[in-house]
């Protein structure tokens, strides 16, 4: 019986938004997808790896206005930058395109028309947030507020990043316009809706029978189906940068309609910009999507339903990864851990990043930690000490001791064992278990190191030494093959040193004998520790505190001893403010406390932190956060609280001052989740 013919593959990664640079978190997905693409090419599968810039939506239009350029100019700039960054990290797209393309407009109109023909589009009058100040309806990403389900603050109008709930902007509590910060009103507007609820049963069946979907994601989607799927608004009011809906005056396709359609238009681009070939290939292929966990609703529910409604092929596999944290914390611009892909290139070698990410990626949806100390150890102890050094040690010995000549493989049994292990590695790639594939490669390489150490060819006679090195050269050849998806540059260097052309999975069984190799060269050497500069403010742990009691210090005339509630605990603090405040003025007052100051004995009484005050020209005023709760974090931007204790000398190196009766750092006001920290003193006072 003939083996079944395998379908061609269309592999996609989520489309990066064209209003900013790529960062190290983005790279996780594209490196993961690229490794998968290179694996399929290695084993001879017909695959096209497609992606595009996501170019539509109000954020693009607004940013272009802010920069004084057209949206087309803005997206062209980021398209160029994104492609250059992808090339730098060896991401090998067959097509990297744009959603602002004629092909994408064609497919969006085609799919919309098919949905309409199949009675899957309806129109409704909807209440939308409207900014009277800016005279415009506010799309999802231009409204923020509190999530109606979990209460998380500063959530956008489409989805809560904290609990994953999808909602409408009008569902938010205490909403505000992200353009001008004013409270929006509500106005009615007629919009087009996709009848997502029609596909509830079909989606449930697909989710429960498709074994190529991750179980933990499936369970989440089933919960949403159980709660009842809502019809999906797929149009937006102008002004809007996108495709106008045919027959409408000022209505445009919502970006989440035409963005995933960009997968199909990018596929058409790979096929000579032929839309018919693009559709045919899409419908004939196994579709594999690689996405982040923040967009699962769109890809597991909305997108398959749209495709079914238009009579098109739905995804075969959706591989969902977690988010990237840096040194165990969420990426932060202010802490210096929000690192662009381009800036990271100044610190790292791209293949090292690929190796590190691959070592953490699996079929499960787990967050990844870019711990820079772990990164250094992994590169030095695994990639360099285990793999790279083994290759150089073996081939350079052949150069210097054996006149660069290989003879025969005498121990065919050992080679067969290693070859079988390499085939197992390829199987792990095929299961998308990249972490396990890397572990397997390291194990095989370690076996090669141990074999050489046991045989000690430097002590063998010429014949035995040649046979040992020839066997190890064949192992190195096979290691190069299984490393190709992760380290294509490294593998190419090994091929060149062995005097071989481009290898494929079929070459695992090829034995190289009776030949001369080229000069061995060290491919990778140990790296130095990588450091990123953090903002000094990130060392501080500032909290709102409420003064519970005020006592005179027994041994100091100018000090009070305060008991202060800082949320989960009560602290004893000594404060030199007796000259400026009476106990009655302090009792029950909210203040700002430096909670991670190393405890100190002040005139015989322990002080477990410090109350912050501003001082200028003899005046001293306490910082206030009168509408906040004890324990609320005080900070700027997305800086998280410092975790280590600091000394008073450390604190004095950080310049906090006052402006417009607010406490500021680097020109930015200190804030809690509820308010800006105030202080009743003139500008320029030093905070201590």
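The values are calculated or read from the model by the stated rules, or taken from the named source; none is laboratory data. Keep in mind that this is a model prediction, so the values were computed, not measured. We place every Cβ from the backbone using ideal geometry, glycine too, and count neighbours over all the protein chains shown.
If a residue must be over 21 Å from residue 156 (Cβ atoms) and either modelled with pLDDT under 90 or surrounded by 13 or more Cβ atoms within 10 Å (Cβ to Cβ) (or both), how many such residues does region 58-71 contain?
Looking only at that region, the number is 3.
Mind checking which residues of region 18-31 are more than 24 Å from residue 255 (Cα to Cα) and surrounded by fewer than 24 Cβ atoms within 10 Å (Cβ to Cβ)? Walk me through how you get there before you give the answer.
So in region 18-31, the residues more than 24 Å from residue 255 (Cα to Cα) come out as 24, 31.
Within region 18-31, 24 is the sole residue that qualifies.
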Select from region 442-466 the residues that are assigned to a loop (DSSP other than H, G, I, E, B) and at negative phi and write down the one among them that is surrounded by the fewest Cβ atoms within 10 Å (Cβ to Cβ). 461
Matching option when the condition is in contact with a helix residue (DSSP H, G or I) (Cβ under 8 Å, 6 or more places away or on another chain) and surrounded by 16 or more Cβ atoms within 10 Å (Cβ to Cβ), among 609, 635, 624, 631: 635
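In the set 221, 202, which member is surrounded by fewer than 16 Cβ atoms within 10 Å (Cβ to Cβ) and touching a residue at least 40 places away in the same chain (Cβ under 8 Å)? Don't jump to the end; show me each part of the working.
Values: 221 fails: surrounded by fewer than 16 Cβ atoms within 10 Å (Cβ to Cβ).
So the residue among 221, 202 that is surrounded by fewer than 16 Cβ atoms within 10 Å (Cβ to Cβ) and touching a residue at least 40 places away in the same chain (Cβ under 8 Å) is 202.
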Residues that are in contact with a strand residue (DSSP E or B) (Cβ under 9 Å, 6 or more places away or on another chain) and on the phi < 0 side of the Ramachandran plot: does region 62-72 have at least one? no
Do the conditions hold for residue 486, that is, is it in a loop (DSSP other than H, G, I, E, B), crowded, with 22+ Cβ neighbours inside 10 Å, at pLDDT 95 or above and assigned by TED's automatic domain parsing to the domain that holds residue 434? yes
Matching entry among 416, 410 (being assigned by TED's automatic domain parsing to the domain that holds residue 488, loosely packed, with under 14 Cβ neighbours inside 10 Å and over 14 Å from residue 442 (Cα atoms)): 416
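Is it true that some residue in region 181-203 is assigned to a loop (DSSP other than H, G, I, E, B), under 24 Å from residue 289 (Cα atoms) and out of contact with any helix residue (DSSP H, G or I) (no Cβ under 7 Å at 6 or more places or on another chain)?
Keep residues of region 181-203 that are assigned to a loop (DSSP other than H, G, I, E, B), which gives 181-184, 195.
Pick out the ones that are also under 24 Å from residue 289 (Cα atoms) and you get 195.
Next, from what is left, pick out any that are out of contact with any helix residue (DSSP H, G or I) (no Cβ under 7 Å at 6 or more places or on another chain): 195.
Within region 181-203, one or more residues are assigned to a loop (DSSP other than H, G, I, E, B), under 24 Å from residue 289 (Cα atoms) and out of contact with any helix residue (DSSP H, G or I) (no Cβ under 7 Å at 6 or more places or on another chain).
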Cβ-Cβ below 9 Å, separation at least six or inter-chain, first residue in region 394-405 and over 18 Å from residue 480 (Cα atoms), second in a strand (DSSP E or B): which pairs? 403/516; 404/516; 405/515; 405/516
Could you check region 644-679 and list, in sequence order, the residues that are within 14 Å of residue 616 (Cβ to Cβ), in a strand (DSSP E or B) and touching a residue at least 60 places away in the same chain (Cβ under 8 Å)? 663
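Considering only residues that are out of contact with any helix residue (DSSP H, G or I) (no Cβ under 6 Å at 6 or more places or on another chain) and buried (at least 21 other Cβ atoms within 10 Å of the Cβ), which ones fall in region 539-558? Let's see the steps before the verdict.
Filtering region 539-558 down to residues out of contact with any helix residue (DSSP H, G or I) (no Cβ under 6 Å at 6 or more places or on another chain) leaves 539-546, 548-549, 551-558.
Answer for region 539-558, where residues must be out of contact with any helix residue (DSSP H, G or I) (no Cβ under 6 Å at 6 or more places or on another chain) and buried (at least 21 other Cβ atoms within 10 Å of the Cβ): 540, 541, 542, 543, 544, 545, 546.
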